[in-house]
Amino acid sequence: FRDAMSFLLWSRVGTLLAVGTTKGNLLIYNRQTSRKIPVLGKHTKRITCGCWSTENLLALGGEDKMITISNQEGDTIRQTSVSSDPSDMQFSVMKTDERISTRESTVSVVVGKKTLFLFNLNDPDNPIDLKFQQPYGSIVTYRWYGDGYIMIGFSRGCFVVISTHIREIGQEIFQAHNHKDNLSSIAISQSLNKAASCGDNCIKIHDLSDLREMYAIINLDDENKDQLAWTDDGQLLAVSTRRGSLHIFLTKLPILGDACSTRIAYLTSLLEVTIANHVERELPVTVSVEVEPSFVAIGVYHLAVGMNNRAWFYALGENNVKKLKDVEYLGTVASMHLNSDYAAALFEGKVQLHMIESEGLDAQEERETRLFPADDDKYRILCHALTTDFLIYGTDTGVINYFYIEDWQYVNEYRHPVSVRKIFPDPHGTRLAFIDDKSDGFVYCPVNDRLYEIPNFSPTIKGILWENWPMDKGVFVAFDDDKVYTYVFHNDAIQGSKIILAGGTEVPFSHKPLLLYNGELTCQTQSGKTNNIYLSTHSFLGNLKDFGPNELTQMLTQTLMLKRFSEAWEVCRLLNDQSGWNELAKACLHHMEVDFAIRVYRTCGNAGMVMSLEQIKGIEDHNLLAGHLAMFTSDFNLAQDLYLASSCPIAALEMRKDLQHWDSALQLAKRLAPDQIPFISKEYAMQLEFTGDYVNALAHYEKGITGNNKEHDEACLAGVAQMSIRMGDIRRGVNQAIKHPSRLLKRDCGAILESMKQFSEAAQLYEKGQYYDKAASVYIRCKNWAKVGELLPHVSSPKIHLQYAKAKEADGRYKEAVIAYEHAKQWDSVIRLYLDHLNNPEKAVNIVRETQSLDGAKMVARFFLQLGDYGSAIQFLVMSKCNNEAFTLAQQHNKMEIYADIVSSESTTNEDYQSIALYFEGEKKHFQAGKFFLLCGQYGRALKHFMKCPSTEDNLAIEMAIETVGRAKDEALTSQLIDYLMGESDGMPKDAKYLFRLYMALKQYREAARTAIIIAREEQCSGNYRNAHDVLFSMYSELKTQKIKIPSEMATNLMILHSYILVKTHVRRGDHMKGARMLIRVANNISKFPSHIVPILTSTVIECHRAGLKNSAFSFAAMLMRPEYRNKIDLKYKKKIEAMVRRPDTTETEEPTTACPYCAFQLPECELLCPGCKNNLPYCVATGRHMVRDDWTVCPHCDFPALYSEFKNMLQTENICPMCSERINIVHLKKINDCTQYLKPEDGD
């Protein structure tokens, strides 16, 4: 063209150049083919702007206010007009809901500096015109980014973000006033995810993920900035100024770093490397380097940095760093590793191993350096690593070689199917993680040449770091740009070794992990610093006390995954939950940590597990120990495999037997212990029998027979018998059972046969086994009565006797039926048969009396009723508790006395007594009516009837009346009876003894005492001295028991009567002196004996004469000579007495004296009133003398005192007490040393 050029632009993808002119013409030049395509009149005026798309479409805009779209041949495809001058044209993709294609189909252009025009080639009829607010100023520049977003910069310092999505179009998503006065340019770096804007002497950088956050502000000297641009990788940012200067900024440092054990080296500036060791708490050291390095390597004592094919080595001192040397290699170094003495550099598929410092070491020449691979090897090395002892490298042919530096030779080689891209040995070199060409991860153990795949290994993973903490040997992390994955290599687990994924941790943007130490990850950042991140899988390393049970449970899972048992112990202690301890114990077993497991189970109190583990903890055979542990964790199949692989395979059989897995045990026994097959067969057969598989059970019982083990074979034969019956082979089964010695087998087989309705065989077996009850029961079912009869003597079950009895009764064989009913204890049936069929009522009556059977009694009563024996019928009706029927019967047949007798001997209800009483009342039988009213507690009516009774010899009615009043305790009734006894109602006083009894029944003892004295007096007058004595004695005893004061008249009367009774005893024993003394006492009170005055005085004279008391004999003889007595003297003694009076002899034996028991005054021994202390003295019941302290005893029955020596002497001939007439054994007589309690003065009142 001759006209001047106004526009020039290279294509983004091809070798095309577009040239526009001031006249609107276009030329497209292809540099590759040197072809030129001129297009005239593309625009009518100057072409001012344009852009190429990735499909080589060319968009142009000109001053003619047109926009054209042409292909690479220059043909116009689309065109549209705009309202003002176009500028700043760009191709892009609009945001849509679904991506139809990623082709750049939208042209954006600034129109008249005010609006943004969007022209979609697929929708040319609907272009979009976006207008902005007036205050923003004019559009300076704009940039597409992300998923269809546009950032627009305005002249007054604002920038705005909009979306091109059709629903959001025209909305401002973000707006910021970044610069106060003006904004000159915007630049976006997709790789850094940052946006920069310049204006007002500063550059402001924002993070695209959060535009509100300001990432950095760069201030410049007072210059007008013009344009702004990033490099593709975002590392550099360039700014041009209006004055023609260019500023370039470093936005991020290359992330270069290396670690050796816990020491790290990393780039902190373009020419500075920092060496730090946080774990050992060493201060960081900075090293200035000469060139900007492209690799860094750290060793035990050295640092290496380098770029291209050169490396500089530095020696690390205590506090300083000294440069050693620089080395040139045969190619550009890709990576380098150091150990204490050697460096290994990888370049162009080769590794050079050489000494770092050769001076001072007496090194042999060939030990200085070596190049790998050797010349004749054709492979290329892709990665390498250097540990303390080995150089390890991986090749494109998939070989991993271990070169042992000490011996300077290869020691191990592993061949992988595809090439090995990266290798990462653990700190000791015993395990090696590597990533292959398929982006799969593996761990290789050179010691046993085993390879383990790393599970869930992400293809984006960049590298692997091993845990440097010495306790966590199997832990490593794999990292990509966003995340770190924690893995654990479980080495000695029961299931064998494997790798598990423990969890993942998010990593902040552009952090590169350098070092892992006890769950703490040290990362390098773009700004040349390090940052520590704690792995989420190690959250338990904080203060555990701050966490709740849910977090602690999660931590327990983590600790167990990482095999951190001590930490797990602490977590369990805080959780204090049984399930936690169980988890821990299980994990210990899983990892074969037997000692720790014992400790845990001991804490849980699981003694069984502790003892089991103690037994196995010394086992050295790994498989055997693992087998035991697998068994403890109930993984029996694994346990079996481990046992079989161990030195003791029989353990697998033992385990299966213990578990009763008989089928598995049989399979194992065939291989390991054929001699055990019969025993296992028997057990298996029993199990099969239990589950109902009788066919196989029979087969295994038969297999179980050994022929030499009696007990075992018997069990098998029993099984064969039972299974044969179950299978329907009844004859075989029954024969086996009969031959078999066991009774139980016969019973069991019988039961099976009975359930199969094979009754005759079942009964036969029961009988053979002596199970007679069962046999009889089955014989009854098949109606074999003859057999039942045979077995009956052996049968104990009443049920069978009953069945037999019913059968016999039905046959009319009553005698046999009765015997069977008796055995069955069915007494009602026995009674029924005796009455109805066997005509033996006596037997029936006896049975009713013995068994007290109610129904039986009813039957007997009915029987007697038919016979007309109403008395017996009533008796049996009462026995069967049919009192109403009995009463009615008694009434009808005038047998009420019989009914009344029976009822009163039984304990019956008040209603029954009352009905009888009313009956007798109607019949005017007062005594019976009174008796039954008394029984039912109606005392008033009872008393009325008793008092109506005519007098009888024994006066029973009065006795009953007294009992009635005694029970009633009713004053009205008492006075009524007293009036009756006194004769006030009928003018006939009754005997005083009844009044005495009444007072005794009412417990009115003083009145009773008075009455007793009256009665005694009457008896005395009648000459019944013993009766009088007994009345007074019983009253005396009663009053003493009730602790009531005894009237002196009663005491005196009793003493005189007792003295009279003693006379006979003394005279009988020939002791005339004692007899005479007693008679003198009686004669002095002769008025008390009116009916026997003469005989008593006669006896006194004779006894005194015999005892030599002549004076006393004379005085009483003179008394007899009184005219009223003289004629009554017995003729035998009359003359003798008369002679005594005529010739008086006044000689008298002196009466011996003894001490008063109260005051010790000496007084005659028969005197009972002490002149010294005026006390009435207690007297001896044996002699009638007064008592003395040192010779005291009492009658064991009536508690009356006696002189011990005299009473004992008397009991030699007499064996009863003279006072109470009770028999006394001389042995029971005790001498009383302290008689104070008997000497209370009131006793003698």
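Of the residues that sit in segment 278-330 and are assigned to a strand (DSSP E or B) and β-branched (Val, Ile, Thr), which one is surrounded by the most Cβ atoms within 10 Å (Cβ to Cβ)? Only one residue tops the list, namely Val305. Screening segment 492-505 for residues that are in contact (Cβ under 8 Å) with a residue 40 or more places away in the chain and outside any strand (DSSP E or B) and picking the one that is surrounded by the most Cβ atoms within 10 Å (Cβ to Cβ) gives Ile494.
Take the conditions (1) at pLDDT 85 or above; (2) more than 23 Å from Ala1107 (Cβ to Cβ); Ala1182 misses just one of them, which is (2).
Does segment 1102-1119 contain any residue that is under 24 Å from Cys1217 (Cα atoms), at pLDDT 80 or above and either surrounded by 15 or more Cβ atoms within 10 Å (Cβ to Cβ) or among the acidic types (Asp, Glu) (or both)? Yes, there is a match, as at least one residue in segment 1102-1119 is under 24 Å from Cys1217 (Cα atoms), at pLDDT 80 or above and either surrounded by 15 or more Cβ atoms within 10 Å (Cβ to Cβ) or among the acidic types (Asp, Glu) (or both).
Taking segment 331-373 and the strands (runs of 3 or more DSSP E) fully enclosed by it, the elements with 1 or more residues that are surrounded by fewer than 17 Cβ atoms within 10 Å (Cβ to Cβ) and at pLDDT below 90 are at 369-372. Within segment 160-213, the set of residues being among the aliphatic types (A, V, I, L, M), out of contact with any strand residue (DSSP E or B) (no Cβ under 6 Å at 6 or more places or on another chain) and surrounded by 22 or more Cβ atoms within 10 Å (Cβ to Cβ) comprises just one member, Leu192. Scanning segment 163-197 for residues that are farther than 19 Å from Asp207 by Cβ and aliphatic (A, V, I, L, M) yields a total of 2. In the set Leu535, Leu589, Leu556, Leu584, only one residue is closer than 19 Å to Thr633 by Cβ, touching a Gly at 6+ places or on another chain (Cβ under 9 Å) and crowded, with 20+ Cβ neighbours inside 10 Å; that residue is Leu556. Residues in segment 151-184 that are in contact with a Lys or Arg (Cβ under 7 Å, 6 or more places away or on another chain), free of Cβ contacts under 8 Å to residues at least 60 places away in the same chain and under 19 Å from Ser108 (Cα atoms): Met151 alone.
The set of residues in segment 187-243 being more than 60 Å from the chain's Cα centre (by Cα) and among the small types (Gly, Ala, Ser) consists of Ala187, Ser189, Ser191, Ala195, Ala196, Ser197, Gly199, Ala216, Ala229, Gly234, Ala238, Ser240.
Table: residues versus (1) closer than 25 Å to Leu1131 by Cα; (2) assigned to a helix (DSSP H, G or I); (3) acidic (Asp, Glu).
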{"position": "Glu1038", "(1), (2), (3)": "no, yes, yes"}
{"position": "Ile1046", "(1), (2), (3)": "no, no, no"}
{"position": "Met1050", "(1), (2), (3)": "no, yes, no"}
{"position": "Leu1062", "(1), (2), (3)": "no, yes, no"}
{"position": "Gly1075", "(1), (2), (3)": "yes, yes, no"}
{"position": "Thr1100", "(1), (2), (3)": "yes, yes, no"}
{"position": "Glu1103", "(1), (2), (3)": "yes, yes, yes"}
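Evaluate segment 239-251: report whether one residue or more is touching a His at 6+ places or on another chain (Cβ under 7 Å) and farther than 28 Å from Leu353 by Cβ. Yes, because at least one residue in segment 239-251 is touching a His at 6+ places or on another chain (Cβ under 7 Å) and farther than 28 Å from Leu353 by Cβ.
Across segment 232-245, the qualifying residues are those that are over 21 Å from Lys180 (Cβ atoms) and in contact (Cβ under 8 Å) with a residue 40 or more places away in the chain, and the one among them that is surrounded by the most Cβ atoms within 10 Å (Cβ to Cβ) is Leu237. All of (1) within 30 Å of Val594 (Cβ to Cβ); (2) assigned to a helix (DSSP H, G or I); (3) within 35 Å of the chain's Cα centre (by Cα) hold for Leu644 with one exception: (3). Among the residues of segment 286-317, those identified as under 16 Å from Gln524 (Cα atoms) and hydrophobic (A, V, I, L, M, F, W, C) are Phe295, Val296, Ala297, Ile298. Against the criterion of being surrounded by 20 or more Cβ atoms within 10 Å (Cβ to Cβ) and over 21 Å from Leu589 (Cα atoms), Ala665 qualifies. Taken over segment 10-40, the criterion of being in a loop (DSSP other than H, G, I, E, B) and either over 17 Å from Ala59 (Cβ atoms) or in contact with a strand residue (DSSP E or B) (Cβ under 6 Å, 6 or more places away or on another chain) (or both) is satisfied by Ser11, Arg12, Thr15, Thr22, Lys23, Gly24, Arg31, Gln32, Thr33, Ser34, Leu40. Report whether or not Leu270 is in the same structural domain as Asp129 (by TED's automatic domain parsing) and under 30 Å from Ser335 (Cβ atoms). Spelling it out, it is not the case that Leu270 is in the same structural domain as Asp129 (by TED's automatic domain parsing) and under 30 Å from Ser335 (Cβ atoms).
The values are calculated or read from the model by the stated rules, or taken from the named source; none is laboratory data. What you are looking at is a predicted structure, and each value in this text was computed from that prediction instead of being measured. Don't worry about glycine lacking a Cβ; one is built from the backbone with ideal geometry, like all the others, and counts go over all protein chains shown.
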